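To keep things clear, I will list the structure first and then write my remarks on it.
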């Protein structure tokens, strides 16, 4: 019996090694790059196998998309261009377009009577809690990610044509933001700006999908109940706009927010001053790295 068990374990190890070798030797290089990008930025919500069951998924409503099409053929019915645009610009329509460019998903004004219907359409297209990655990943990196995601579900999509001799890939149109000044938090202007910032944080940019304040929010990024004590406004402004300029391997996307949005978000974060006893502390189990 022990000998049989030993053979079974040995066979399993050999199969695992074989799969790994086949993947390394024969996997399309763009799919391999996309797999690495997915592991870095996407598994926390979508899960290791893209099933929408990452460690942060239970914090999201609506939840992350199941990229395997186990229940419905949403991904298979989407074009490669749809996937590219969804990753680059997110779902909410708040992607800040650089000068001279156009958004693939321009934000439309919604009349009051159409709000519920639009909400249903947004959920059908994907979770509005998913951030946009167009200022974090280059165009080629996004296409690499699309190429990998296509391996997670059956589809008849056209093979992505990469320009292998294209030279330098197009980088995101973002640069390190310039220093800005902030009003006193206790002034009328500061208080008004902080209230506006809370709305931007919770709704427009859906920061709650990744960050926890008190008992609400996600577990991808650090807990922010004491952000007003721990971080100064100038640093937070720089980090929100282009975190890769400070820490290149961070999982947080670059938002490149307009100044009129970024400053209020920072002012709201400066109001978060829970005591150590009130702060829930770091989440248990697998969490952000």
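A few remarks follow.
- Among 79, 271, sorting on how many other beta-carbon atoms sit within 10 Å of each Cβ, with the fewest leading, yields 79, 271.
- Full-extension gain in nm, residue 271 to residue 216, via 0.36 nm per residue minus C-alpha separation: 18.2 nm
- Between residue 70 and residue 97, the contour length at 0.36 nm per residue exceeds the alpha carbon distance by 6.3 nm.
- Distance between the 7 Å Cα→Cβ label points at residue 39 and residue 138: 2.0 nm.
- Additional length obtainable on full extension of the chain from residue 32 to residue 156, 0.36 nm per residue less Cα span: 42.6 nm
- Applying 1/(1 + (r/R0)^6) with r as the Cβ-Cβ distance of residue 189 and residue 49 and R0 = 51 angstrom yields a FRET efficiency of 0.55.
- From least to most packed, judged by other beta carbons within 10 angstrom and beginning with the fewest, 84, 229 follow the order 229, 84.
- Distance (nanometres) between label positions extended 7 Å along Cα→Cβ at residue 234 and residue 203: 3.3
- Cβ crowding within 10 Å ranks 38, 74, 95 as 74, 38, 95, fewest other Cβ atoms first.
Where a number appears in this text, it was derived from the coordinates with a stated rule and is not lab data. Being a predicted model, the structure only gives us computed values, none of them experimental. When we count neighbours, we look across all protein chains shown, and the Cβ atoms used for this are built from the backbone with ideal geometry, even at glycine.
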